[in-house]
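This report concerns only the one structure given below.
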Amino acid sequence: MTDDVRNIVLGVIAAGVSATLGWFTRSYLWRRRLRRKQAFFGLPENSECLLVVNRDPGTDGAVHRHDVFALLELSSIVKDCSAHVQILSHDVGRQGYGEHAEFCVGGPGSNRRTAAHLATLLPGVRINTDPEPGEDRAAFQLGSDRYRLETGVAEYVLLARLTGSQDSRPVFLFCGQRAIANQAATRYLARNHEKLARRHRTHSFVLLLKVVNSQAYGPDVVEVIGDVTRTAQTPPPAPDPETD
């Protein structure tokens, strides 16, 4: 075997070894990212999860188109995790939480299950569900801070990952003042879940987001107002008893 042939053979072998190592490395990194994603969303392979659908209170039980888009965003996440989804209407989902991962779309005015989760898991959140027009319609109250709806200009949404215990599957809430805010929160989660997983791991968190100028930008421009987990999970102080 001449030196030239030997060099060619060695080059082919080296290229094959490098390609194999590269494939194994990429496969390992992909699987590790997938496991982290599955752990964050509580979606092991072939597991079941719940998508709880709200109803647009301004229609005859229809789902708002922005909430449909939100459900599509969530369905893509579930598919990526190789899990299965069960879609439930908010008024028939009478079961506990923690056995399956759950994605709950809509505020308490359009989703009874969201209202139940807020009362049980986030007692520090107060949301005005009065349908009558007024400056406080759909306003969020978090501690001493109030966040009012400015339609098309500034719309707020709570994005929460909640667990009842260490071993329970998470509940994700997308609780917006309008349907477009629900979609914005699901899109924010889909784009930033890796960063959120690094920061919060598998613990509970509640973020307050603001959708900026949705009449021009739709659900794409989102500002993080802050992490309001402690405030949202702390019950408000009991009112002083009346004295005679």
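The values are calculated or read from the model by the stated rules, or taken from the named source; none is laboratory data. Keep in mind the model is a prediction, meaning the values are calculated, not measured. In this analysis, Cβ positions are derived from the backbone assuming ideal geometry, glycine residues included, and neighbour counts consider all displayed protein chains.
Summary table
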quantity: Residue in region 163-175 that is in contact with a strand residue (DSSP E or B) (Cβ under 9 Å, 6 or more places away or on another chain) and of a type in the set (Asp, Glu) present; calculated: no
quantity: Matching residues in region 104-144 - criterion: being of a type outside the set (A, V, I, L, M), closer than 20 Å to His66 by Cα and touching a residue at least 24 places away in the same chain (Cβ under 8 Å); calculated: Cys104, Gly106, Gly107, Pro108, Gly109, Ser110, Asn111, Arg113, Thr114, Pro131
quantity: Those residues of region 201-221 which are within 14 Å of the chain's Cα centre (by Cα) and modelled with pLDDT of 95 or more, in sequence order; calculated: Ser204, Phe205, Val206, Leu207, Leu208, Leu209
quantity: Condition check for Thr186: in contact with an Asp or Glu (Cβ under 6 Å, 6 or more places away or on another chain), hydroxyl-bearing (Ser, Thr, Tyr) and outside any loop (DSSP other than H, G, I, E, B); calculated: yes
quantity: Test: residue in region 234-243 that is buried (at least 17 other Cβ atoms within 10 Å of the Cβ) and in contact (Cβ under 8 Å) with a residue 24 or more places away in the chain; calculated: no
quantity: Residue list for region 107-135, restricted to those being assigned to a strand (DSSP E or B) and closer than 18 Å to Asp227 by Cβ; calculated: Val125
quantity: Restricting region 136-185 to residues that are over 22 Å from Ala216 (Cα atoms) and among the acidic types (Asp, Glu), the residue that is surrounded by the fewest Cβ atoms within 10 Å (Cβ to Cβ); calculated: Asp167
quantity: Condition met for Gly42 (on the phi > 0 side of the Ramachandran plot, surrounded by 14 or more Cβ atoms within 10 Å (Cβ to Cβ) and modelled with pLDDT of 65 or more); calculated: yes
quantity: Among the candidates Ala238, Ala138, residue that is at positive phi and part of a loop (DSSP other than H, G, I, E, B); calculated: Ala138
quantity: Any hit, region 196-206, residues being outside any helix (DSSP H, G or I), in contact (Cβ under 8 Å) with a residue 40 or more places away in the chain and touching a Gly at 6+ places or on another chain (Cβ under 7 Å); calculated: no
quantity: Every residue from region 115-126 that is crowded, with 22+ Cβ neighbours inside 10 Å and over 16 Å from Pro170 (Cβ atoms); calculated: Val125
quantity: Tally, over region 70-114, of residues that are surrounded by 19 or more Cβ atoms within 10 Å (Cβ to Cβ), at pLDDT 95 or above and out of contact with any strand residue (DSSP E or B) (no Cβ under 9 Å at 6 or more places or on another chain); calculated: 1
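For every residue, the table says whether it meets (1) assigned to a helix (DSSP H, G or I); (2) under 18 Å from the mean Cα position of the chain (by Cα); (3) at positive phi; (4) not polar (S, T, N, Q).
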| position | (1), (2), (3), (4) |
| --- | --- |
| Ala62 | no, no, no, yes |
| Val68 | yes, yes, no, yes |
| Ser75 | yes, yes, no, no |
| Lys79 | yes, yes, no, yes |
| Gln86 | no, yes, no, no |
| Gly96 | no, no, no, yes |
| Glu99 | no, yes, no, yes |
| Phe103 | no, yes, no, yes |
